[in-house]
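Written below as structure tokens is the structure these notes are about.
The values are calculated or read from the model by the stated rules, or taken from the named source; none is laboratory data. The model shown is predicted, which means the values in this text are computed figures rather than measured ones. For neighbour counting, all protein chains shown are included, and Cβ atoms are generated from backbone atoms with ideal geometry for every residue, glycine included. For accessibility, only protein heavy atoms count, side chains too; no ligands or nucleic acids. Shrake-Rupley method; radii C 1.70, N 1.55, O 1.52, S 1.80 Å.
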Amino acid sequence: GAPIQALRGLTGRLARENTKRNPGRTAVTAAALMVGLALVTFVTIFAAGLKGSIADAIDTSFQGELSIQSSGFSTLPNAIAAKVEKIEGVETVSTLRQSQAKVAGIGTQSITGLDPATATQLLTLDWVSGSDKTLGDLTGDQIVVSESLANDNNFKVGQTLDMQTQTGAKPSFKVVGIVKDNAGLLGSAVVTQKALASDFGTDGDLFDFVRLAPDANLETVQAKVTDALEKGFPTAEVLNQDELKKKQENQVNQLLGLVYALLALAIIVSLFGIANTLALSIHERTRELGMLRAIGMSRRQVRRMIRYEAVIIALIGAILGLVLGIIFAALMSIPLADEGFTLSYPIPTLILVMILAALAGVLAAIAPARRASKLNVLEALSYE
């Protein structure tokens, strides 16, 4: 309230002192808004970090310029990669396939199939144990596991993993490497695509990564690939890196919009709490308001004083909510740091949240302020 008092003089001072009259009531009223804004702040910061981490992962993990994926829920036919490889300007195409298997002693895990001959040319892997040569020399009875799976189950290089696949096969794989899955594409483990086809019964592509020739123009080649696939494979979506990042961000934004809609209900309820508190305060101060009017306070000044009270209460909730939201986001990011998650603070958005909270306080005060300004002076003075 100090800035309001400094800028608005007596009405600001009265508003500030009125909020301090009943600290318990003010605290309870601000607490409802605090909880809502804490969740909004947490979700905003977490989503910004998630989008930034995805963008960083795409930049650092993909050496190719284009990616092809299905716009639906189906996999891509193998013919797509073969067709794209023949297009002028395309240097290499590497495919990524995925299936599931039950790992003995653990449970169901996601298993990725890569082509050892081409994967290292288009994907940059963050090796904990091993190197690109490990993947390049990968054989049908060998497996590379993710760092999270290795840490959770104390897996070491040289250990053998027994699995049961969806086809009923029970293959065994020797761990030859451990990799950090920054992009979230590799699942729990990586085997060769031949092993994925023979033991898992999976031969459809989840992603096709395309690397262009050094002298090729990205827009031209992308247009050629899109045209080549448009008729025969209408569900195939050809994206460059910027479009891929934007698509991932849009998916996060859709989820974010749903969460914001739910949180908005909690904030609306808290605004009713502010209005109710102000109405109760006005009822208790009826005689006082009549005295203020009698000694010269205008109706406009009364309305302004009530609005300032609401703004102060709203800002108390907003500031505490921002602090709590930042703390929650920081704590949640700690266990996710190993997965490549980087926390990001969207300062402009957080400032906007503060401004909107103050405006919400003004809106909540409209009805109580009007009621206070319309009190009959003589009746208010004689009120007990």
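Has segment 161-180 got any residue that is in contact (Cβ under 8 Å) with a residue 40 or more places away in the chain, out of contact with any helix residue (DSSP H, G or I) (no Cβ under 8 Å at 6 or more places or on another chain) and open to solvent by 30 Å² or more (accessible area, probe 1.4 Å)?
Yes: segment 161-180 contains one or more residues that are in contact (Cβ under 8 Å) with a residue 40 or more places away in the chain, out of contact with any helix residue (DSSP H, G or I) (no Cβ under 8 Å at 6 or more places or on another chain) and open to solvent by 30 Å² or more (accessible area, probe 1.4 Å).
So which residues in segment 170-227 are among the aromatic types (Phe, Trp, Tyr) and touching a Phe, Trp or Tyr at 6+ places or on another chain (Cβ under 8 Å), if there are any at all?
The one that is among the aromatic types (Phe, Trp, Tyr) and touching a Phe, Trp or Tyr at 6+ places or on another chain (Cβ under 8 Å): 209.
Any chance segment 80-91 includes a residue that's small (Gly, Ala, Ser), in a helix (DSSP H, G or I) and either at negative phi or buried (at least 18 other Cβ atoms within 10 Å of the Cβ) (or both)?
The answer is yes; a qualifying residue exists.
May I ask you to list the residues in segment 246-278 that are open to solvent by less than 80 Å² (accessible area, probe 1.4 Å) and under 16 Å from residue 41 (Cβ atoms)?
Listed by number, the residues that qualify are 256, 259, 260, 263, 264, 266, 267, 270.
Taking only segment 93-120 into account, find how many residues are touching a Lys or Arg at 6+ places or on another chain (Cβ under 6 Å) and surrounded by 17 or more Cβ atoms within 10 Å (Cβ to Cβ).
1
Kindly provide the set of residues from segment 301-324 that are under 23 Å from the mean Cα position of the chain (by Cα) and surrounded by fewer than 24 Cβ atoms within 10 Å (Cβ to Cβ), ordered by number.
Filtering segment 301-324 for residues under 23 Å from the mean Cα position of the chain (by Cα) gives 318-324.
Result: 319, 320, 322, 323, 324.
When only residues in segment 181-203 that are of a type in the set (Ser, Thr, Tyr) and open to solvent by less than 50 Å² (accessible area, probe 1.4 Å) count, which is farthest from residue 336 (Cα to Cα)?
Across segment 181-203, the extreme among qualifying residues is 202.
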